[in-house]
Amino acid sequence: MPELPEVETVVRGLRSSLPGRTVVDVRFGKTDFVDNPAEIAERLPGRRISDVTRMGKFICIGTEDGGARAAELSRSYLIVHLGMTGRLTVIPAGESVARHTHGFFALDDGRELRYTDPRRFGRMLLAQEAGLADLKGHLGQEPLEIGAEEFCRFFESRRARVKSLLLNQGVLRGIGNIYADESLFRARVHPARIAASLKKPQLLALHAAVRKVLAEAIRFRGSSISDYVDADGNRGEFHHRHRVYQRDGKPCVRCKATIRCIVVAGRSSHFCPRCQPAPRQRTGKKRKRIHR
């Protein structure tokens, strides 16, 4: 599933080509992933794209009225979640249509923004400012912006497993399985550790690791382990730099121990048993008191 680095890469590509363009037509094939497709097809044509931003794993394409009164009118946003296999690419309108392409947004320069999604687990909707604010209110902190102290304060008070918290979009928006595993490895934290059991230096190390891994993944344009491509249809390169994710059975790049995979929070979790020691198990046995 595209995570923060992949979505950020797509957003940067779209941002370089979409702002200033006007949507002239909208067509859909399959619409089971679209909230009110008729509204999008009716309201979006004639609107000018003003910006493209990211909110966690959501792509937000801002639009405004193309007329002279644009500044007086409320903006609307085409919000897209890529799900597991979604792609947003900008290509000439005359190019052949790839299989599983379900959304066509014709632009005034002869190109099309196309949405392709074989499994259709994504989501698309049109929202006004209030709707965008409501969506944002359900999401957690931006992991590239949260400060170290705030990060520590939140994690040190939680009894949930640290991997579960990293995946929780109401805690940190945008992190998924790949970058949770990679961050925990770099911080030397086992994915099944209870967050409240971590010492301050461990939490600081995890905060630094999250930021470093995400920034590095963005620099290498994301991980193409499945269907992910950027806005120009190019694959990312960060999957070549994974240290634990989907490397179970292979030697650790740090200590040569064998990478293992377990299930934590319902997700496969890859880790090094030597670099990331497992939490101690409580036996449940109490010492007998000796009365004298």
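Summary of values
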{"read-out": "Qualifying residue in the range 168-177 (condition: over 24 Å from G222 (Cβ atoms), in the same structural domain as L203 (by TED's automatic domain parsing) and in a helix (DSSP H, G or I))", "value": "no"}
{"read-out": "Test: residue in the range 223-240 that is part of a helix (DSSP H, G or I), touching a residue at least 12 places away in the same chain (Cβ under 8 Å) and crowded, with 19+ Cβ neighbours inside 10 Å", "value": "yes"}
{"read-out": "Verdict on F121 being out of contact with any Ser or Thr (no Cβ under 9 Å at 6 or more places or on another chain) and touching a residue at least 60 places away in the same chain (Cβ under 8 Å)", "value": "no"}
{"read-out": "Residues (over 21 Å from R173 (Cα atoms) and either at pLDDT below 95 or surrounded by 13 or more Cβ atoms within 10 Å (Cβ to Cβ) (or both)) located in the range 109-127", "value": "D109, R111, E112, L113, R114, Y115, T116, D117, P118, R119, R120"}
{"read-out": "Filtered residue count, the range 165-202, keeping only those that are polar (S, T, N, Q), over 14 Å from the mean Cα position of the chain (by Cα) and surrounded by fewer than 17 Cβ atoms within 10 Å (Cβ to Cβ)", "value": "1"}
{"read-out": "Residue that is buried (at least 19 other Cβ atoms within 10 Å of the Cβ) and either of a type outside the set (G, A, S) or not in a loop (DSSP other than H, G, I, E, B) (or both), where the choices are A205, A209", "value": "A209"}
{"read-out": "Cβ pairs under 8 Å, 6+ apart, first in the range 23-52 and polar (S, T, N, Q), second assigned to a strand (DSSP E or B)", "value": "T31/H102; N36/L125; N36/L126; S50/G62; S50/T63; S50/E64"}
{"read-out": "Residues that are over 18 Å from P279 (Cβ atoms), out of contact with any Asp or Glu (no Cβ under 6 Å at 6 or more places or on another chain) and touching a residue at least 60 places away in the same chain (Cβ under 8 Å), drawn from the range 194-220", "value": "H207, A208, V210, R211, L214, A215, A217"}
{"read-out": "Subset of the range 185-202 [closer than 23 Å to I259 by Cβ and not in a helix (DSSP H, G or I)]", "value": "R188, V189, H190, P191, A192, R193, I194, L198"}
{"read-out": "Any hit, the range 148-157, residues being in a strand (DSSP E or B) and either at pLDDT 95 or above or surrounded by fewer than 17 Cβ atoms within 10 Å (Cβ to Cβ) (or both)", "value": "no"}
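The values are calculated or read from the model by the stated rules, or taken from the named source; none is laboratory data. This is a predicted model, so every value here is computed, not measured. Note that we place each Cβ from the backbone using ideal geometry, even for glycine, and neighbour counts take in every protein chain shown.
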